Ligand code: NDP
């Protein structure tokens, strides 16, 4: 087993974030999840936070630091979609998705970096999406926010790489969660046909890649984009 770490995952009450939290608990880490509603899985500390609100994140981090210790691994997972074609996309559709998916990562990583700099050790893992680099009609807001996470991780690597901190992106393809269940059936069937693996992925498969990036084995991996997509995004 890797060294036991204090891990914080945003949006850990359901979907991919919850599976990531379960995996870190199973691997013997001390795990906190942020949730706007509901609770994280058994064995985690649940703290309330909205990633669009820096002060709520600050309070959540302060609580985690008091109960578990400084955050050593941060997983920016919370995300939303508001899909529609460009001509129908409102300013609010665009701003709210960017403020949650990209702004949320900025706020949570900025807060986490304080403790990481002090400890001279940290792991930043940003949950992007295959559509960030592949593109997706009807998702200009979402894919832009996800592509931007690549620039974020690579700039962070250049800023903090010499301080024992790595920053990487995990880019899931189509994973079975509430987010994909809400897609129309014919869209789901079309996507499945285009995935070389011939199936959707599971949240646990995403969690495996995240756990590896946080492990001692991945100490020299930074600024990477790790696809977990059954081959869907190959070449991008
Ligand atoms: P879900 O819709 O199942 O869960 C989203 C999570 O994000 C929930 O915990 C939700 O909290 C939280 N969240 C949303 N907005 C905020 C906010 N403002 N503040 C705090 N928490 C928030 O999504 P998935 O599990 O499918 O997705 C998780 C991540 O993986 C997202 O970043 C998504 O873009 C990405 N992804 C998902 C893919 C998929 O196929 N499912 C594919 C590629 C990437 P609440 O319950 O309170 O709403």
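Collect the residues in segment 84-108 that are in contact with a helix residue (DSSP H, G or I) (Cβ under 7 Å, 6 or more places away or on another chain), under 15 Å from residue 137 (Cα atoms) and part of a loop (DSSP other than H, G, I, E, B), keeping them in residue-number order.
84, 89 - these are the residues of segment 84-108 that are in contact with a helix residue (DSSP H, G or I) (Cβ under 7 Å, 6 or more places away or on another chain), under 15 Å from residue 137 (Cα atoms) and part of a loop (DSSP other than H, G, I, E, B).
Checking the structure you have, find out if any residue of segment 87-103 is in contact with a strand residue (DSSP E or B) (Cβ under 8 Å, 6 or more places away or on another chain) and within 16 Å of the ligand (Cβ to nearest atom).
No.
Report every pair of residues separated by at least 6 positions or lying on different chains whose Cβ atoms are under 6 Å apart, first residue within segment 13-26 and farther than 15 Å from residue 176 by Cβ, second near the ligand (Cβ under 6 Å from one of its atoms) and assigned to a helix (DSSP H, G or I).
As it stands, the answer is none, since no pair meets every condition given.
In contact with a strand residue (DSSP E or B) (Cβ under 6 Å, 6 or more places away or on another chain), in contact (Cβ under 8 Å) with a residue 12 or more places away in the chain and more than 13 Å from the ligand (Cβ to nearest atom): is that true of residue 116 in this structure?
yes
Going through segment 160-181 one residue at a time, which ones are over 20 Å from the mean Cα position of the chain (by Cα) and on the phi < 0 side of the Ramachandran plot?
Once the filter is applied, which keeps residues that are over 20 Å from the mean Cα position of the chain (by Cα) and on the phi < 0 side of the Ramachandran plot, segment 160-181 yields 162, 163.
Out of all the residues in segment 73-83, is one or more at pLDDT 95 or above and exposed (fewer than 15 other Cβ atoms within 10 Å of the Cβ)?
Among the residues of segment 73-83, not one is at pLDDT 95 or above and exposed (fewer than 15 other Cβ atoms within 10 Å of the Cβ), which makes the answer no.
Among (1) under 19 Å from residue 73 (Cα atoms); (2) away from the ligand (no atom under 15 Å from the Cβ), there is one condition residue 151 misses while meeting the rest; what is its number?
(1)
Looking only at strands (runs of 3 or more DSSP E) that lie completely in segment 19-80, which have at least 2 residues being more than 13 Å from the ligand (Cβ to nearest atom)?
Numbers: elements: 30-35, 44-48, 73-76.
Once the strands (runs of 3 or more DSSP E) in segment 19-80 are filtered for at least 2 residues that are more than 13 Å from the ligand (Cβ to nearest atom), what remains is 30-35, 73-76.
The values are calculated or read from the model by the stated rules, or taken from the named source; none is laboratory data. These numbers were taken from a predicted model, which means no experiment stands behind them. We place every Cβ from the backbone using ideal geometry, glycine too, and count neighbours over all the protein chains shown.
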